[in-house]
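The values are calculated or read from the model by the stated rules, or taken from the named source; none is laboratory data. The structure displayed is predicted, hence computed values, not measured ones. FYI the Cβ positions are ideal-geometry reconstructions off the backbone, even for glycines, and counts take in every protein chain you see. Accessible surface areas use protein heavy atoms only, side chains included; no ligands, DNA or RNA. Shrake-Rupley method; radii C 1.70, N 1.55, O 1.52, S 1.80 Å.
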Amino acid sequence: MKTLLVDHMHETAVVALFCIGFTTLLLNKNLIKKIIGFSMMDNAIYLFLASYGYIRGRLAPIYQGGETDPALYVNPLPAGLVLTGIVVSVSVSAIMLALTVRLYRHYHTLNIDEIAEIVREEGR
Amino acid sequence: MLWQNIPILLIVLPLGLSSLIALLRPRAAKLAVLGVISLCTAAALYLLIRVNALGEAFTVKMGEVGAPFGNELYVSHTEALLCLAFDAIMLLSLLAGMRRADEEIPEDRKSLFFTVCSLLLAALNAITLTNDIFSGYVFLEIATIAAAALIFVRRGEGALFASMRYMLMNLLGSGLFLLGLSMMYSLTGELLFPQMLRRSKAILADGRYMGALSACLILLSLGLAVKSALYPFHTWLPNAYSLSTPAASSLLSSLVSKAYIFLFIKIMLRGAGLEAFSESGAANVILVYAVLAIVIGSVDAIQQHNIRRMVSYSSVAQIGYIFMAAALGTKEGCAAAVFQILAHSFAKAMLFPAVDRLVEVSGGEENFRDLRGSGYRAPLAGAAFAIGAFSITGIPLLGGFSAKVFISEAAWAAGGLRMYLALAALAVSTVLNVIYFLRTMITVYRRGERFELKPAGNRPFSFTLGVGFFALVNLYLGMGAGNVMDIILRGINIWN
């Protein structure tokens, strides 16, 4: 238990956050909360990548003169992946929020089950 | 060489032009997007011819930056063929569904529709050609957003809700995929497929981190299975396909989910290796879901009273076939899966516009009892429906039959329990397919009282052109199946 919490602190946090986000996205009825769950899930993964990309004692991969030995710097790739990933999830969140606004204006509710009910009745 | 830059063109051209198309007026946007897609189709055809002549695969390093920092594209026969098929299907579906799209999409959103088509084309080509799992993820998300926009571009709030459901399910899939990808990266330290394959082979030989590798592969497979609507993650599919405009339904069912499946095949074959895929249990997970999809998707299709929903549900079963063939865990199985991707894409992309035309000449009613005699009122649509339905059912001389033969051969060669499962699923579902498609065929060609049996006029020329070409390709996939399979196998055999 101690190793799980102390030595693998990041991974534990990542798994917990991912599971919370995933279940919220899957099971919560409220559209806004679903989007929050989605953000949490994605951010958990970025935390995972970022924590693996950082090695204690190494320098940020920006050359400012001085050290030229590549072994002294961390790998810039994980940070690059996180940045790209953030851009992707921001655009997905934006489109989801826009859809939610449109749905709310028409159905006056954020509950996905209630919307489904109204859509089914309108379809008849 | 100059022609080896075509893969870059296939991605950059539609991606760059999509933002420009958004600024154009609808008519100009339509012409621009049809031009871009035609150009890409021609370029993909030329690429296929040149790769075939070259006889080996090649990689394109984007910006001449090597691994591990650079992006790479990888082209073999299979990728070139799939690019050609995707681009051609997009062109023909847009042609066949153009008039309906004109009617159903509000004037101020038309440019958006064409923008999204162009964006989708770039994403599909990129997913097919990429040699790098993270670029695959990024373009996966672009395709998802474009697909959601294709659904909600149509008038009415029902489409908006269908789009929301689509996005929610897809985001779950993306989350799983991204987690699998990140774990795979932390495990192997590589993002490019060839290097990743080397590391995962070493992990398999060493055996110490096999549990972690299994978890990665299962997450990646499940993520892509959710995104491409494998049973039981298909709940969004019927609404999304039946509530969007026919051109969009064709694009969604034939292109978006198929590109995801191709990425799945590529990751398993080129990123992880088939041994790791079979050993890890990911193959078994997918096989079980696929067999369930085949049987339950067909049963669901039988229960439908609405023709568009029936065609949508039959997609669930057909996607099951593709996953089942890939989950056999052999190269032949993967080749059969790619062939089934082609056969089903061309058949389904033809069915949606044909069904829409049949519904149109029946006064807009989508229930079976109102469709009686519609085959006489819309002869071309009736014939196209017959060809598509026969192909999916697996009548000889058509693509679906050849696909089923290839899948059975691959299953036979794979042997063991997987063979029995796959052959049983094929046999059961063929019977079920016959039930629902034959019933519909009889309805379409049965004389009803409500309408006269004369052909209705006002068939747009673009519909004739699109559906006619689709029918020809379906026939070719059946009669020239050997040639097509030869190209696919040539590509898959040189995959590293």
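The set of residues from segment A:20-66 being loosely packed, with under 15 Cβ neighbours inside 10 Å and either at the interface with chain B (Cβ under 9 Å from one of its Cβ atoms) or charged (D, E, K, R) (or both) comprises A:LYS29, A:LYS33, A:ARG56, A:ARG58.
Considering segment A:71-89, and only residues there that are surrounded by fewer than 19 Cβ atoms within 10 Å (Cβ to Cβ) and small (Gly, Ala, Ser), the residue that is farthest from the other protein chains (Cβ to nearest Cβ) turns out to be A:ALA71.
Here B:LEU31 meets each of (1) closer than 16 Å to B:ALA122 by Cβ; (2) in a helix (DSSP H, G or I) with one exception, condition (1). Among the residues of segment B:404-454 satisfying the criterion of being open to solvent by 90 Å² or more (accessible area, probe 1.4 Å) and not in a helix (DSSP H, G or I), which is farthest from B:GLN303 (Cα to Cα)? Here the answer is B:LYS454. Listed by first and then second residue, the pairs linking a residue in segment B:134-159 that is more than 11 Å from chain A (Cβ to nearest Cβ) to a residue that is among the aliphatic types (A, V, I, L, M) and open to solvent by 40 Å² or more (accessible area, probe 1.4 Å), with Cβ atoms under 7 Å apart and 6 or more places separating them unless they lie on different chains, are B:VAL153/B:LEU112. Selection of segment B:481-496 for residues being of a type in the set (Gly, Ala, Ser) and surrounded by 14 or more Cβ atoms within 10 Å (Cβ to Cβ) yields B:ALA481, B:GLY491. Just to be sure before I move on: is B:GLY55 over 30 Å from A:LEU77 (Cβ atoms), surrounded by fewer than 19 Cβ atoms within 10 Å (Cβ to Cβ), modelled with pLDDT of 90 or more and not hydrophobic (A, V, I, L, M, F, W, C) in the structure I sent? No: the conditions fail for B:GLY55. In segment B:103-131, the residues that are open to solvent by less than 10 Å² (accessible area, probe 1.4 Å) form Cβ pairs under 8 Å with partners that are in a loop (DSSP other than H, G, I, E, B) and of a type in the set (Lys, Arg), at six or more places apart or across chains, as follows: B:ILE105/B:ARG154; B:ILE105/B:ARG155.
Mind checking which residues of segment A:90-123 are more than 10 Å from chain B (Cβ to nearest Cβ), aliphatic (A, V, I, L, M) and touching a residue at least 24 places away in the same chain (Cβ under 8 Å)? The answer is A:LEU97, A:LEU110. Take the residues in segment B:150-160 that are open to solvent by less than 10 Å² (accessible area, probe 1.4 Å) and not β-branched (Val, Ile, Thr), then tell me which one is farthest from A:GLU114 (Cα to Cα). In this case the residue turns out to be B:LEU150. The set of residues in segment B:356-403 that are open to solvent by 40 Å² or more (accessible area, probe 1.4 Å) and outside any helix (DSSP H, G or I) comprises B:GLY363, B:GLY364, B:GLU365, B:GLU366, B:ASN367, B:ARG372, B:ILE395, B:PRO396, B:LEU397. Each residue in segment B:170-188 was checked for being more than 9 Å from every other protein chain (Cβ to nearest Cβ) and either open to solvent by 10 Å² or more (accessible area, probe 1.4 Å) or under 15 Å from A:ILE115 (Cα atoms) (or both), and 1 of them qualify.
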